[in-house]
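All remarks here apply to the structure that follows.
Nothing in this text is a laboratory measurement; each read-out follows from the coordinates by a stated rule. Because the structure is a prediction, the values reported are computed rather than measured. Note that we place each Cβ from the backbone using ideal geometry, even for glycine, and neighbour counts take in every protein chain shown.
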Amino acid sequence: MIQLAAHSGMNNGGFYRLDSVWLCLKQHIEACFILAVITVSGIVSAQHDFLTERIVAHPRKSDFFYVDYRAINPDSDFYFRYIPMKVLRVKQDSVIFKVGNIAHSTPVTPRKHAMYDSAMQRNYYRDKTLELSRAQIDDLFKSGAIYQARRPDNIYIDGWVVIPRHEAYIE
């Protein structure tokens, strides 16, 4: 019984000894690493969800919404349906968007949409604009059709240029 207590990692005061904790961590380093990765990815995901909700609730010029366009226009392409939409103007009861012309078959990250400064290409947006009411935007967000929204840092999203410098929002 005395030997069991001596090797249990606890001292007489009932506290764990530091060397026992380190020994346990060394023996289970893979599990600790996996737990750390899961925790960090959960925090990052929650932060993106919070930012998306905030941007959708209070959009401003040059924000980007990433949407399943079939929820807006059921006659659009079934396969290539995940597109970016850039806020052109915010009105009292509606928002006017430039609709992206380059679509993906799966919901991709804002970084993937912006890679290689693709938002600066001439054909990145369609010619016609789209106006959605605030109620439509709320419904699209609640249904998951708007799956992400991002506000550029000056002119960048994840290091890629998405808006011309003259359109940069300055607070």
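The table for this structure:
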| read-out | value |
| --- | --- |
| For segment 13-67 versus segment 82-140, the gap between their alpha-carbon centres in whole angstrom | 29 Å |
| 15 Å reach of a label modelled at Arg54, 7 Å along Cα-to-Cβ, counting backbone N of segment 67-95 | none |
| Residues Leu23 and Lys142, FRET efficiency given R0 of 45 Å [Cβ-Cβ distance, rounded to 0.05] | 0.35 |
| Distant-in-sequence amide H partners of Phe97 (H built 1.01 Å from N, under 5 Å) | Leu88, Leu130, Glu131, Leu132 |
| For the chain, the longest site-free run once chymotrypsin sites (Phe, Trp or Tyr not before Pro) in DSSP loop states with at most 14 other Cβ atoms within 10 Å are removed | 81-168 |
| Extended-chain gain in nm, criterion 0.36 nm per residue less alpha-carbon gap, Asp158 and Ile38 | 41.0 nm |
| Approximate shape of the chain as ellipsoid semi-axes (Cα gyration tensor, √5λ), whole Å, largest first | 48, 17, 16 |
| Helical contribution to [θ] at 222 nm, DSSP H n ≥ 4, -39,500 (n - 2.57), averaged over the chain, rounded to 500 | -11000 deg cm²/dmol |
| Gain in span if fully extended, Asn101 to Glu167, counting 0.36 nm per residue against the direct Cα distance | 21.8 nm |
| Cα-based helix-to-principal-axis angle, 29-57 vs the chain, degrees rounded to 10 | 30 degrees |
| Dipole magnitude (debye, nearest 20) for the chain, charges at Cβ of Lys, Arg, Asp, Glu | 340 debye |
